[in-house]
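The values are calculated or read from the model by the stated rules, or taken from the named source; none is laboratory data. Here the structure is a predicted model, which means the values were calculated and not measured. For neighbour counting, all protein chains shown are included, and Cβ atoms are generated from backbone atoms with ideal geometry for every residue, glycine included. Side chains included, ligands, DNA and RNA excluded: accessible areas come from the protein's heavy atoms. Shrake-Rupley method; radii C 1.70, N 1.55, O 1.52, S 1.80 Å.
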Amino acid sequence: MRAFSGKMAGSISARRLIPVVAILPATLGFLFFMAYRHNLISSETGMAVIILTLILIFLFLLRYHAESLNQWANKRLLAEHEVRVLNEQLEQKVKERTSDLEQSEANLQAIFNNTAVGFLLLNTHYEILSFNERFKSAFLRVYEKQINIHQNYLDLFPQERRMFMIDQFIQAASYNQLVEYEISIPEGQPELYFRVNIIPVKSQNELVGYSVSVTEITQRRILKLQIEKMNQDLIQRNKELEQFTFIVSHNLRSPIANISGISNILVDPNIDESNLRKMGSEMAKSIRRLDGVVQDLNMILDVKKGLDDASEPVSLTALVNGIKESISTVIEETGTVIYLDFNACNEMITIRSYLHSIFYNLITNSIKYRKLDNPCEISISSRIQEKQLIIEFSDNGIGMDLETMGDQLFGLYKRFHRNIEGKGVGLYIVKLQVESLGGMISVASTLNKGTTFTITFKMN
Amino acid sequence: MKNYVIIDDDETNNLICKIIIQQTVPDATIFTFTEPANGLQQLKKLAESSVDVILFLDLNMPEITGWDIIKAYLDFPENLRRRIQINILTSSINNKDKEKAIDEYRVNRFFSKPLTKEMVESIIH
């Protein structure tokens, strides 16, 4: 019975055919039976009609079957076509998706390989899983070693470095956080600086490896160092200014205190004649001293003004000869001899007035602190060393003990020899001027042997 | 207290001190030195001869400074040190010097120049 009651195409057509194949012959049979009984038709006619009817039914069935077969065939063709179309669409989509994926992977790869950051992926055994171009080239540049997939990353480093790195990895893993440190290469005098980040990579709460990223920070570091240096220079300059203010106020205060003390004595009506005279001359002395300090101050402030002068080529020989001429009397009286050796470098592009003042002060300084029982000899020479112009002033004077107060030699109003006229301004100004020209001055001295001042200028 | 030693490289100041002390303590014996080393020697000599000395000491001097003199004094034996009373007399207006002298070196007084009769009186009374 299933064949009739189902929903499939066969059952449906069976149900449709039931009236034709069962009810129609039954109705016809019944009608002929009745007609035969009333003798309306002969039995031969009935047989003929029935056979005809059966042929008709057969033909009808044949037609029906053919039609439905044709219909099914059509449907199948249609369905097949649909399936083909769908299939094609699917294939198209797959193609598109694949190309999208390829594009996006290519994009990612492009980013991965064209970034300022070097990336490295390691598993938990520090085996290299992946890295980008930047990492590879940076590693090659810094360690002069190629890195390859499946290599053990730690094996690329010396033992002592490995310990440090393992510590970093362990820290990243155990605290599950980014670990950051900086490296400078080479260690002694670094030229390259990098910042390294280690990030533990986890999958379902399980450590599977490490992502290492490396950024070069050389430029930033150099800038930072420059700023730090500038800052230190400023602090130093500030200290010097504070010191300067302190010294100047002290040296202004000193004669003023004397004048104040003298006037205390002078206002006493019982002052005796000799004290009155003495105090008068002391008053004049103190006022002269006060004036001297103000003049020194003026001169020191002038040093700063001179910086606006233009730089020009200055011949060292001509400079010294000019100074020799201007102090020829002193040179003759003291029997001073000045030896020059400017073969290595006789010309310097600088502010003439500064260099003149530096040479003048150092030459007169040597004459001032000469040995009285010996002719004064001064040697001035120039040489070039490591892109620096070095000018040396040596004398055979009385020298000094730098052990105790070497750091104060260039200080304002610092004096080392009380028996020789001097205010402690000359060397202070020399140092100020040398530094204003971007140079450095240092001194070496042996008591009773002589003194050597060395000035170093950077050459452009 | 009739022995006074003044150590200062500034001669004018030494002269002022001498006149002021003479006016305040007419029978005073006054020694002035522009060379700190000589002053130190005199100081020791006076203390060794068992007389009390009042010292007026400048801080800012070339070669040997007032601080050096104080350090040398601290190396004196206790009986000599008891004889000497150190007073700083300086043109310094730096408070740090004052703190250092009084807190660190336990000097008697810290005076700013010039020396006046009132200062001398405040020491002897």
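Here segment A:187-217 is the region considered, the condition is being among the polar types (S, T, N, Q), free of Cβ contacts under 8 Å to residues at least 24 places away in the same chain and assigned to a strand (DSSP E or B), and the residue that is nearest to A:Met165 (Cα to Cα) is A:Asn197. If you check A:Ala310 against the conditions, is it in contact (Cβ under 8 Å) with a residue 40 or more places away in the chain and more than 14 Å from chain B (Cβ to nearest Cβ)? Judged against the criteria, A:Ala310 is a match.
Residues in segment A:223-245 that are of a type in the set (Asp, Glu) and more than 14 Å from chain B (Cβ to nearest Cβ): A:Glu228, A:Asp233, A:Glu240. On the stretch given as segment A:183-217, residues that are loosely packed, with under 12 Cβ neighbours inside 10 Å and either closer than 19 Å to A:Ala138 by Cα or among the small types (Gly, Ala, Ser) (or both) total 6. Going through segment B:64-108 one residue at a time, which ones are over 14 Å from the mean Cα position of the chain (by Cα), under 18 Å from B:Val5 (Cβ atoms) and within 14 Å of chain A (Cβ to nearest Cβ)? Within segment B:64-108, B:Ile64 is the sole residue that qualifies.
Filtering segment B:1-26 to residues that are more than 20 Å from A:Glu282 (Cβ to Cβ), out of contact with any Ser or Thr (no Cβ under 7 Å at 6 or more places or on another chain) and open to solvent by 20 Å² or more (accessible area, probe 1.4 Å) leaves B:Met1, B:Pro26. Number of residues in segment A:246-275 that are within 11 Å of another protein chain (Cβ to nearest Cβ) and either more than 19 Å from B:Thr24 (Cα to Cα) or at pLDDT below 90 (or both): the value is 18. Residues that are surrounded by fewer than 18 Cβ atoms within 10 Å (Cβ to Cβ), assigned to a helix (DSSP H, G or I), more than 14 Å from every other protein chain (Cβ to nearest Cβ) and small (Gly, Ala, Ser): does segment B:27-47 have at least one? No. Number of residues in segment A:90-135 that are touching a Gly at 6+ places or on another chain (Cβ under 8 Å) and either among the basic types (Lys, Arg) or assigned to a helix (DSSP H, G or I) (or both): the value is 2.
Just to be sure, is A:Lys324 at the interface with chain B (Cβ under 9 Å from one of its Cβ atoms) and either on the phi > 0 side of the Ramachandran plot or open to solvent by 20 Å² or more (accessible area, probe 1.4 Å) (or both)? No; evaluated as a whole, the condition is false for this residue. Name the single residue, out of those in segment A:110-146 being β-branched (Val, Ile, Thr) and within 17 Å of A:Leu156 (Cα to Cα), that is modelled with the lowest pLDDT. So, considering only residues that are β-branched (Val, Ile, Thr) and within 17 Å of A:Leu156 (Cα to Cα), the one modelled with the lowest pLDDT is A:Val142.
Among the residues making up segment A:373-387, those that are without any contact (Cβ under 8 Å) to a residue 60 or more places away in the chain and assigned to a strand (DSSP E or B) are A:Glu377, A:Ile378, A:Ser379, A:Ser381, A:Arg383, A:Gln385.
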